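Participant: Below you will find the structure I want to go over with you.
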Amino acid sequence: MALHKGPQKHQEQVLSVNPFFGEANPVGGMTEAPPTHRLPDAPIPPATAYQLVHDELMLDGNSRLNLATFVTTWMEPQAGALMAECRDKNMIDKDEYPRTAELERRCVAMLADLWNAPVPSAAVGCSTTGSSEACMLAGMALKRRWAQRNADRYPGARPNLVMGVNVQVCWEKFCNFWEVEARLVPMEGERFHLDPQAAAELCDENTIGVVGILGSTFDGSYEPIAELCAALDALQERTGLDIPVHVDGASGAMVAPFLDEDLVWDFRLPRVASINTSGHKYGLVYPGVGWALWRDAEALPEELVFRVNYLGGDMPTFALNFSRPGAQVVAQYYNFLRLGREGYRAVQQSTRDVARSLADRIEGLGDFRLLTRGDQLPVFAFTTAEHVTAYDVFDVSRRIRESGWLVPAYTFPANRQDLSVLRIVCRNGFSHDLADLFLADLTRLLPELRRQPHPLTRDKEAATSFHH
């Protein structure tokens, strides 16, 4: 989470209260203007408190028009009702809420089957607050397995984790928090994600694992997981090093099983030890819920698992958080039950169709060059064409926001810092009709942008939208 500092003179700031907020007496709600950065001295009526918070939140962007986020922004009313009914349930209290715990167990079993675990009943997994926590857990398991195999050298030897420079920031956090060296494969040319051979060359006896991304947040492309495993197989044949793979399927693990059934990326590859996904992305659940699964109990060291009493029995748990709501897990089970394989396939195909169609039409405007086309994740990245010199992607991002659309503009990492792009994430709820409206707004901007003398964004770091 971002770190914030309060204002130096917070006691001088107060919120303005409309006289009509008083329920019976219009001036009743104005007896005290509550401060903004310290607790008020006395209560205020609930309607007043609600209206104050509601009015301030009106200045937030419309989440449905946010084309930067991967996170679900629309669910069916029935799912929302279930979440409301479960918002007071603590997921960790499995003895008090045994049916919620059972729905979590069923979701893990369904994912193990979906991801082709050799023996689905032998796979182990858990829900998390999102993919960031799931990645932390997977990284912890990789490090502990490596430490067990190298007990004679650890903690003297420093472990490392190999991944592409395009990984989500949670992997940088993991390496920082758990004192693991991050070995990053840079981008090269038109390759915007990890190269399998380059990854294998960075591995040594201190490598705890290699992370493959399905797919990249930078451009929506899948990393070649099967080729990565083949490169590590060849490495083992040459050196004897047995390096496991973790698949960060935050988005793609809930897309590929339905739309790319012939793509081999999951537990069908013996080297894949664990997989994570975000239930609140293409799992179609409001934030925040994620899932982490391991191929079998051997892939998850027993000493990382805690045991809690569950209805007089034994319930193993593995999480960084303790208390957290059960509503999102219930909503995930609702979606699995509601949609099934065919339903998920229809939803994800519709989203991909929107992405591909919009990408093609943006390319047809003539001012932009596509990097990806939305044919893997329903996500595509594009930049300005070579002949466009009057404006850049940061100008487009700033101006399209005037119409309510949030489209991130950002610069790629090493070795493609020269490349700045826009990226559009298509989610369930972003329909062909909304895509038409977006394209109309973008088309309407172009004549003004073309008349600029030069790109107008001075501080590109300040203009860059958060792109993960």
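Participant: Work through the residues other than residue 449 whose Cβ is under 14 Å from its Cβ and net out their charges, Lys, Arg +1 and Asp, Glu -1.
Facilitator: With Lys, Arg at +1 and Asp, Glu at -1, the net is 0.
Participant: Given that just one value was derived from the coordinates, which of [x] 194; [y] 149; [z] 163 is volume of the Cα convex hull per residue in Å³?
Facilitator: Step by step, volume of the Cα convex hull per residue in Å³ for this structure corresponds to label [x].
Participant: With an 8 Å cut-off on Cα pairs and a minimum separation of 6 or more residues, tell me the relative contact order of the chain in percent.
Facilitator: 19 percent
Participant: DSSP beta bridges in region 230-368, what fraction antiparallel, as a percent rounded to 5?
Facilitator: Roughly 70 percent of the beta bridges in region 230-368 run antiparallel, per DSSP.
Participant: Let me ask something else about it. At most 15 other Cβ atoms within 10 Å plus a DSSP loop assignment makes a site exposed; report the longest stretch of the chain without any exposed GluC sites (Glu not before Pro).
Facilitator: The answer is 262-385.
Participant: Of the trypsin sites (Lys or Arg not before Pro) in region 69-143, which ones lie in a loop per DSSP and count no more than 15 other C-beta atoms within 10 Å?
Facilitator: In loop regions of region 69-143 (DSSP not H, G, I, E or B), the sparsely surrounded trypsin sites (Lys or Arg not before Pro) are 87.
Participant: I've got another one for you. I want to check the label-to-label distance for residue 304 and residue 242. Put each point 7 Å from Cα in the C-beta direction and report it in nm to one decimal.
Facilitator: Each label point lies 7 Å from its Cα, and together they span 1.7 nm.
Participant: In the structure shown, do any of 89/281; 5/94; 94/173; 94/281 have a Cα-Cα gap over 28 Å, and if so which?
Facilitator: Where the Cα-Cα span goes over 28 Å, the pairs concerned are 5/94; 94/173.
Participant: Here's another thing I want to ask about it. Suppose each label sits 7 Å from its Cα in the direction of the beta carbon; what would the residue 342-residue 39 distance come out to in nanometres?
Facilitator: The two pseudo-label positions are separated by 5.7 nm.
Participant: So if each residue of separation counts as 0.36 nm, and I subtract the Cα-Cα distance between residue 323 and residue 263, what length gain in nm does that give?
Facilitator: 17.9 nm
Participant: Here is a follow-up. Just the accessible area per residue of region 81-195, please: how many Å² with a 1.4 Å probe?
Facilitator: Spelled out: the 1.4 Å probe surface of region 81-195, per residue, equals 44 Å².
Participant: Roughly to the nearest percent, how much of the accessible area of the chain is carbon and sulfur, given a 1.4 Å probe?
Facilitator: Here carbon and sulfur together make up 53 percent of the probe-accessible area.
The values are calculated or read from the model by the stated rules, or taken from the named source; none is laboratory data. What you are looking at is a predicted structure, and each value in this text was computed from that prediction instead of being measured. Don't worry about glycine lacking a Cβ; one is built from the backbone with ideal geometry, like all the others, and counts go over all protein chains shown. Note: accessible area is taken over every heavy atom of the protein model, side chains too, but ligands, DNA and RNA are not part of it. Shrake-Rupley method; radii C 1.70, N 1.55, O 1.52, S 1.80 Å.
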